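The values are calculated or read from the model by the stated rules, or taken from the named source; none is laboratory data. Keep in mind that this is a model prediction, so the values were computed, not measured. Note that we place each Cβ from the backbone using ideal geometry, even for glycine, and neighbour counts take in every protein chain shown. The protein model used for the area step is the full one, side chains on, heavy atoms only, and it has no ligands, DNA or RNA in it. Shrake-Rupley method; radii C 1.70, N 1.55, O 1.52, S 1.80 Å.
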Amino acid sequence: MSSDTITSPVTQLAEDPAELKVVPARHYARWAAGVAVIVLVAQFAHGLATNPVWEWNVFRDYVFSETIVQAVWVTLQLTAYATVLGFLLGTVLAFMRLSRSPVLSTVAWTYIWIFRSIPMIVQLVFWFNLSALYKELGVGIPFGPVFWSVDSNTLIGTIGAAIIGLTLHQAAYAAEIVRGGVLSVDHGQLEAAAALGIPRLRQIRRIVLPQAMRAILPTAGNEIIGLLKGTSVVYVMSIGELFYQVQVIYGRNGRVIPLLLVATAWYVVLTSLLSVAQYYVERRYARGANRTPPPTPIQRVRRFVAARRLAATRQLAADRRVVAARQPTEKT
Amino acid sequence: MSDVMVDVHGVHKSFGLLEVLRGVDLKVRAGGVTVILGPSGSGKSTLLRTINHLEKVNRGWISIDGELIGYRRSGNKLHELKEKDVLKQRTGIGFVFQNFNLFPHLTVLENLIEAPVSALRRPRKAAEEAARRLLDRVGLADKADAYPRQLSGGQQQRVAIARALALEPKVLLFDEPTSALDPELVGEVLDVIKDLASTGTTMIVVTHEIGFAREVADTVVFMDGGVVVEQGPPAAVLDNPRHERTRAFLSKVL
């Protein structure tokens, strides 16, 4: 009896369930919070545009000036060298740490321990003063005679010292990232490769590293972006990278805020480019990980537009049918 | 047994204090199919893994086609081989894992040609042709460009078998090849193995499929507690076991 009264309204309303209209829940608090946040953002944007402190005309004058563009180029070079060399050395260190040889593993562990312990800026100043530590660098028998040597300042130079400093620092972190990636690869993969008799180096290059990349890339992306911004500390070595040049210019003309904005804008643009690159590299290494790979943002936009168009044409056709139905058979 | 393909001689293996193999002797005839049965923990998988030197033995030796595995003998001493030489020996021993262990980032075809190209230095083209023939043989000719995760478990194991065959091994070792499969997929994998048995490939199969053992094996080996308890033709071991432990095991699984 009671169950009948509960179910009857629904059954009475519509025999065909497809005719029941779904009303989405309304989230008033969420809407209010959204409005509040939009107001705050608008206020901030308004301030950015109207507050004279930002001196957008000065920003415009400098952002593409030759000095700044060249400084950006130096920043990019430092980042590229330190990334490539740092990850190469880091990969070697990672495999040393994973090695069964206690000597190799201890040396790698010690390296990582030391270079993670020294602040990058301290280490850079050390390298800057390399010639005080080692006046000459040479090739010869260890602890024996030296065949060839060169003044350390001529060989390395300031940029070289900066690259070495950044690389050694980066390698310590890269080693741990790569090691983490290698450990994430299922042990069965190595067993299968070994059972198939695939040569050892090939096992690493072809089987282990490509799979480790899935775990390495997100953290490595973080590291490279950190490094790009971290190159700004080499200003202590008076190298003409972005932050150093910006400081030189505002030291001369006193326009501190707009010039800091110039540096900010460039760092944001470069970081965004790196993030986009990271997305596509990660996608590449995800091959085989999903049954169907998710679409890229561009594919997503295209599909959305295509779906909208299809819906629009369908709606149009439906409207026409309705109109046609409403005008009863006048012609006939 | 004149033409012995696999000869396991007095093999002992311990993991720390746990002695898993306690003196195993086993001879497998060329072209024969040997099925190893036994309760879990009896050491049958470990034995299989010592045959291709995935596990080193503590005592005893193993030879395949007259060649010592993992060691070189000079006088009374066994010298451990370098990894490079062990890898070379393994190309003559196919191994099929319980969990397939296909390389997920490579397509099915790439999985098959990886070892022939890198370990045996086969030309890529020839390796691909051979791989496609093998895929056809396991009934997966249309899956050459799929990635392993796009396949069912049974299909993955058939690919794994084809991958092992791509090296044209002298011996094929199967480590519980159907244990990770849904029941309805077991048949397709066993059919492939049966088909191989009829072509005269030497095989050692660790399995729990008693029916398969009865139908395909020419020798059934029953292991328990790290030793071979008894072995013989399936009719003898499965239907007329001489040992109490064999009888107890069979009464549980049959």
Between A:A306 and A:Y280, what length comes free when the chain is fully extended (0.36 nm per residue of separation minus the Cα-Cα distance, one decimal in nm)?
-> 7.0 nm
Compute the accessible area of each residue in the stretch A:195-227 twice, once for its chain alone and once with every protein chain present, using a 1.4 Å probe on heavy atoms, and list those whose area falls by at least 30 Å².
-> A:A195, A:L196, A:G197, A:I198, A:P199, A:R200, A:R202, A:R206, A:I207, A:Q211
³J(HN,Hα) computed for each position of the stretch B:149-158 - Karplus, 6.51 cos²θ - 1.76 cosθ + 1.60, integer Hz, glycine/proline x | 5, 8, 10, 6, x, x, 5, 4, 5, 5
Give me the log10 of I(q) over I(0) for the protein assembly as shown at q = 0.05, 0.06, 0.07, 0.08 Å⁻¹, as the Debye formula computes it from C-alpha points; what are the numbers?
-> -0.41, -0.57, -0.72, -0.85
Per DSSP H run of n ≥ 4, the term is -39500 (n - 2.57); total these for chain A, divide by its residue number, and report the mean residue ellipticity at 222 nm rounded to 500 deg cm²/dmol.
-> -24500 deg cm²/dmol
Chains A and B together, accessible area buried on both sides, 1.4 angstrom probe, square angstrom | 2300
If R0 is 22 Å, what FRET efficiency do you get for B:A235 and B:D182 from their C-beta distance, rounded to 0.05?
-> 0.10
Could I have the simple spin-label model distance between B:H12 and A:H187, label points 7 Å from Cα toward Cβ, reported in nm to one decimal?
-> 2.4
So what are the radius of gyration and Dmax for the Cα set of chain B, in Å?
-> 18.2, 55
Roughly how many whole Å is it from the C-alpha centroid of the stretch A:34-98 to that of the stretch B:99-152?
-> 46
Would you kindly find the accessible area of A:I164, with a 1.4 Å probe and non-protein molecules such as ligands, DNA and RNA excluded, rounding to the nearest 10 Å²?
-> 50
Comparing A:A312, A:A286, A:A161 in a Gaussian network model of chain A (Cα, 10 Å), the one with the largest mean-square fluctuation is A:A312
Which angle from 0 to 90°, rounded to the nearest 10, does the C-alpha axis of helix A:28-50 make with the longest principal axis of chain A?
-> 50
Any chance you could look up the accessible area of B:V192 with a 1.4 Å probe, heavy atoms only, rounded to 10 Å²?
-> 20
For helix A:297-326, report the angle its Cα long axis makes with the longest principal axis of the Cα atoms of chain A; keep it between 0 and 90° and round to the nearest 10°.
-> 10
Evaluate the relative contact order of the stretch B:93-168 (contact order divided by residue number), counting alpha-carbon pairs under 8 angstrom at least 6 apart; express in whole percent.
-> 48
Rounded to whole Hz, the Karplus (6.51, -1.76, 1.60) HN-Hα couplings of the stretch B:172-183, x for glycine and proline = 10, 10, 10, 9, 6, x, 10, 5, 9, 9, 5, x
Would you list the P(r) distribution for the stretch A:47-98, with all Cα-Cα distances sorted into 10 Å bins from 0 and each bin expressed as a whole %?
-> 21, 23, 22, 17, 12, 5
In whole Hz, with x marking every Gly and Pro, tabulate ³J(HN,Hα) for the stretch A:109-115 from phi via Karplus 6.51 cos²θ - 1.76 cosθ + 1.60, θ = phi - 60°.
-> 4, 5, 4, 4, 4, 5, 6
Under 18 Å from B:K170, Cα to Cα: lysines that are on another chain or at least 8 residues apart = B:K27, B:K88, B:K194
Give the accessible surface of the stretch B:93-168 per residue, rounded to a whole number of Å², with probe radius 1.4 Å and ligands, DNA and RNA excluded.
-> 39
With a 1.4 angstrom probe the carbon and sulfur portion of accessible area for chain B, in percent, totals 47
Have a look at B:L238, B:L151, B:L190 and tell me which one the Gaussian network model of chain B (Cα, springs below 10 Å) gives the largest fluctuation.
-> B:L151
Whole-number D in µm² s⁻¹ for the stretch B:93-168, Kirkwood Cα-pair radius fed into Stokes-Einstein, 25 °C, 0.890 mPa s | 205
What is the Cα centroid distance between the stretch A:201-272 and the stretch B:33-91, reported in whole angstrom?
-> 52
Kindly provide the Kirkwood hydrodynamic radius of the stretch A:61-287 in Å, to one decimal, from all pairs of distinct alpha carbon atoms.
-> 19.8
DSSP-defined antiparallel bridges as percent of all bridges, chain B, nearest 5 = 60
